Every structure is written in structure tokens, then in C-alpha cells.
1. Output yes when any residue across region 310-320 is part of a helix (DSSP H, G or I), modelled with pLDDT of 95 or more and within 16 Å of the ligand (Cβ to nearest atom), and no when none is.
2. Do you know which residues across region 325-363 are near the ligand (Cβ under 10 Å from one of its atoms) and under 21 Å from HIS390 (Cα atoms)?
3. Being charged (D, E, K, R) and open to solvent by 60 Å² or more (accessible area, probe 1.4 Å), is that true of even one residue in region 299-311?
4. Quick one: which of LEU589, LEU599, LEU578, LEU573 is of a type in the set (A, V, I, L, M), away from the ligand (no atom under 14 Å from the Cβ) and within 25 Å of VAL407 (Cα to Cα)?
5. In region 272-292, what count of residues is obtained for those that are open to solvent by 50 Å² or more (accessible area, probe 1.4 Å), in contact with a helix residue (DSSP H, G or I) (Cβ under 9 Å, 6 or more places away or on another chain) and within 23 Å of HIS77 (Cβ to Cβ)?
6. Name the one entry in HIS117, HIS86 that is assigned to a loop (DSSP other than H, G, I, E, B) and open to solvent by 40 Å² or more (accessible area, probe 1.4 Å).
7. Scan region 95-105 and tell me whether some residue there is of a type in the set (S, T, N, Q) and not in a loop (DSSP other than H, G, I, E, B).
8. Could you check region 156-177 and list, in sequence order, the residues that are open to solvent by less than 10 Å² (accessible area, probe 1.4 Å), touching a Ser or Thr at 6+ places or on another chain (Cβ under 8 Å) and either at pLDDT below 95 or assigned to a loop (DSSP other than H, G, I, E, B) (or both)?
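The values are calculated or read from the model by the stated rules, or taken from the named source; none is laboratory data. Keep in mind that what you see is a predicted model, and the values were worked out from it rather than measured. Please note: Cβ atoms are built from the backbone with ideal geometry, for glycine as well, and neighbour counts cover all protein chains shown. The accessibility values were calculated without ligands, DNA or RNA, using every heavy atom of the protein model including side chains. Shrake-Rupley method; radii C 1.70, N 1.55, O 1.52, S 1.80 Å.
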Amino acid sequence: MCGIVGYIGKKQALPILLQGLRDLEYRGYDSAGIAVLDNRKIDRVREVGKVDMLAKKIGQDKFVGTIGIAHTRWATHGGVTESNAHPHIVGEGKLVLVHNGIIENYREIKKQLKNQHQESETDSEILGQLIFENYQGDLMKAVKQALLKVRGTYGIVVMHADHPNQLVAARLGSPLCIGIGDKEYYIASDVTPMLPFTKQVTFLDDGEIASINGDGLKILNMRDEIINKTVTQIDWDQAKAQKGGFENFMLKEIFDQPTVFEDAIRGRFNVDEGTAVLGGLNMTLEQMRDIKRVMIIAEGTARHAGLIAKYAFERLANLPTEVDFSSEFRYRDPVVNKNTLVFVISQSGETADTLMAAREAKRKGAVVRGIVNVVGSTIARETKAGTYIHAGPELAVASTKAYTNMVAVLLLYALQFGRIKHTSLATGQRLLQGLLEIPEKMNEILKQTDSIQNIAKQYQQYHNILFMGRGVNYPVALEGALKLEEISYIHAEGLAAGAMKHGPLALISKDVPVVAILSKDQLYEKMKSSIQEVRARGARTLVIATVGDEEAKEVADDIIYVPDTMELLEPLLNTIPLQLFAYYIAVALGRDVDRPRNLAKSVTVE
Ligand code: AGP
């Protein structure tokens, strides 16, 4: 996730900005840059790679100036290159900007710009040019007028050579906070870089614009009304601040889900047409119609996301869909050809087995598309086409927010194919409406964190826990079990409830509890019977049920309610209590949640 740092005050800006960038390194980035303003002259340096490389490039250069902005970029639009790195300088070298977020309508804006020359491939530079073309001597006004024309998300800080004592910052969907010192201000995308200098922080809210100069701070909303902000005293140390105040990255990433989910779907659908618009598919309608089969290849959590997509591709697009472990796919004799669409899914984009499987599929002539989180990663580069899931850096080994975003993107792909086949406009629109409601519903679940923690503590002493589900919730059971075993080291299995009586039922006893997903969908009654069967054999049951389902209590020792949604979307909600359940058991057992033993975040070896 990109990081912003800004400073205005009496001290030299360069060392503060450089240190600030280092403090934001934990967010993940692929390039960095700094701009300092002095005497109406802007000095800027940018570099691909680590902040250390940027520092090396600056070398002995002085970069004198007491006002400046800096950025670590995590590529979304445009590759990882120096010219795509921020800060961007536009408008005859006068205006400089750093931007986090995504400008959805940047193509439309670009068409309307007087200056059609861009130095980079980024939406951010277009935003900078739009601000410059609105500038008539008042920087804050220019920023506001430009932002009124923008659709998307932003956290921006802008500096202008003719305003040597002013920074303008604005936020919509991408956090920015302002640290208040003695006649000096620090701006950053989180509080981490400012903590060594001040604990007094004010947080910009969506739709607010701040004009900051050495003497004061003025914050307006989009209607030009003055906003009186409260100043918060931050008592976190830097390590805690990096985790957004959470104890671990995993918990932070679980809580990131409603926000990053919006990033996964934003600008990728058309409600009027009831369809998805994933440019990364890069296929004509005719080529899409030639696809006869879908194959999904991935490992671990990414494979579970793929298993959910199987239901969507079959139901919406009538396409036979197979899901395989990358490690198996590459060593069997997969039957694929030019009519097979192969999705390779990977958070890191570096998983060796998945990369090799992608190469194998390409070699066999399949149409291969990547669904990847890390921009510029090997799988993203080699597959050339596909879609980034925009989950932001995922630092905990246990994957959480990448999973929900993978599912979101895959559902959109299934819908895009569905709409050129038999999915009706009404079904497409209902699915999109359902997706738009997901973030709010995720928040409803996250509000129950305390009660989920209490339930989790009661399961920490078991040595084996089974998870069971049916239909789209079978992969949810697999994911719940994987989360639990990888961070708590408790043995866990995910099972298809209908398969219990063909063997696994023998495992059931009072010492083996069962976590069951019982959604109010077409398999409700069958699922309920399966829960009754394990209960009758002594198992304690934790049931994930739909809000309002009082009957579910009949088969539950413990119960967690999640909001109702369309059947295909249920996994997006049902998985979240299981992530929290695993997390709190692991914490109760004193495990190293973010770095579980024997595991690595990115498995780059076979
Ligand atoms: C999930 O929590 C895991 N740590 C692991 O299973 C992971 O999903 C798998 O290794 C695949 O990684 P990738 O998405 O980076 O390819």
C-alpha cells in the first residue's frame, strides 16, 4: 500500500522525509521518491526499489528546504518504473503531487486536459495536471475544484513553487493524518513517521481538504465550510502504529477487508448492464464465446478462493470448471487447449508451483490469466493479462484480505462470462447489488469480535477440530481449517458435510468439536441434518448461521450470526468469523500469529 509523508516547518525537510519513508516501509512498496521546495525551486529524486537506494541516489546532494513531500509507491496503474514513481511534477515544473488511491475516471479526465503530454502511465499524474489546469493563484481552491471532477479514491498532498509556505492535503477513502508540532506539521498516511516528533495528531475524514502552512492549519469540506477537528493524543509506539493499533498484522488485515474489498470491485462493473467489466481479461466477445472450460490453479488459500469460483462459473456461465493444486497440475498431463481459460491465482505472485503451472498451461496452448495481488510480481509479468486484486500488502503469513479480494475478482469474471451466456440482467444486477453491500455486512461481523474471541477461548484446549460445509460453503470449511492449523498448530480438517458418513464421522467424539457453516440457502436442511448427526455422537458444535435463523440454535452449542446475502456471496461473509476464531485461539495459545513456525509468506521453492 502506498505511503505518503509530508513536512512543513523550520527544520530541514529531507532527513525527516527520508526517515518517514523508512518508517512506512512495512506497508510494502516498489519505488520511492522525495521532493523538497526551496526558494520557488523544486528538487525531486525518485528511484525504483528500496528507500536505501533512494538515499544512495540522493548521496551528498543537499536538497535544502523546510517544506517537502515524499512517497513510497505500490504500483496499481503503470509498471514499476522511475517515471511512474511519485512525486509527480506537472504544470511547467511548478506543481508537485503525491497520491494514494485510484482515480477511476482518469481516462475521461485525460481527454479533457489541455496538456495531453504525460511523463508517466499513472492516474496520479493526470490528477496533478487537472489540479494545475484549475489553478488560478489559489492552490487550495484548485485542489478542491479538481477533486470535484474525480471519481475514485485519494489521499493527496500537493505543493506549488509559487506557494513556498503551503501544503494542501485531501482525503477520500485513502487515509491521511496531520501531526501537529511547534509551528511545524507532519503529514502521513498513518501516524508512524510522526511519532518521534509529536503525539498530537488530527485525522482527515473523507471529503476534507487541509491547507497547512507553518503558522496554522485550515480544514474545509467540499462545500467550503470550516471543519473544527479534534486533536488526538496518540499513545502507541511505532511498532503498534504500523499495525494500525492492532496487536498483529493478521488482525489488522482481517479488519482491512471491508475497505480493500471496495478496491477490488471499484470501477469493474456496470450496474445498468448487470455485468462486470474486467479489462484485464483482454478478450473479444468472440474469443470469450470460444472458451469451453475453465481451470483454476493455485495453492492454499488462493486455491480455496478458486474452489468458490467453480460454483460461480458453473452456475452463472455454464462453464465446466476444474480447480487444482498448482503442484499437482504441473506434474500430471493436464488436458488444456486454446478453448481452456486457465486462471492462476496468487497473492504473492511468486509461488513457485503456481508459476510453473502457469508456464505449463501456456506451453499447452491454454489462454492463461493471472489473478494476483503483488503488482509486477513474476506471475503478473509472465501471464501479461489478468487482474490485480488490490488487497494492498499482506504481511501476515496467514492470508485473509487477499482471499476475500480474490473471491470478489473471480465472481466478477464469472459474471462477465455469465452475461454473454445465460445469466439474466436481473440476476447480474442482483449479484452486483449484493457485492456492493458486502463491505457493510463485513463490518457487521467485525463488530462481534469480542464475542467471537470469547467463543474461541473455549476451543483452545482441543487437539483436533473439524470444519464442515456444503456447496459454496465447503471451500469455506477448508479455509477455516487451514487458517486454524497454520497459526494455532491445532490439527484441523475441512470436510464436505455430505461426505461425513462415508468415513470422517468415525473421528467424532466429545473431544472433537465441529465448526459448521449453516447458511439459509438451498442446502440448509441437509446441512442441519449433518450437524445433528455429529451432535448425536457427542461433538460440541460451533455454528455459523444467518442472522434471524432462530432454528439454528437447536443444533448449536455456540453460534455466530452473519448477515444474509446471495448464496454465491456467502463465502465472503462466512469466512470472516472463522479467520477471527483461528486468530483468537492462536493468541490464547501464545503463538506467533504473524509468523507461524515452518511457514513462509511467499513460497518460492518447490
Ligand atoms: C494461506 O494462509 C497460506 N499462508 C498459504 O496457503 C498461501 O495461500 C499459499 O502459499 C499460496 O500463496 P500465494 O497466494 O502467494 O500464491
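1. no
2. The answer is VAL344, ILE345, SER346, GLN347, SER348, GLY349, GLU350, THR351, THR354, LEU355.
3. Within region 299-311, one or more residues are charged (D, E, K, R) and open to solvent by 60 Å² or more (accessible area, probe 1.4 Å).
4. After ruling out the rest, the residue left standing is LEU573.
5. 1
6. Exactly one of HIS117, HIS86 is assigned to a loop (DSSP other than H, G, I, E, B) and open to solvent by 40 Å² or more (accessible area, probe 1.4 Å), namely HIS117.
7. Yes; the residues of region 95-105 include at least one that is of a type in the set (S, T, N, Q) and not in a loop (DSSP other than H, G, I, E, B).
8. Correct list: LEU176, CYS177.
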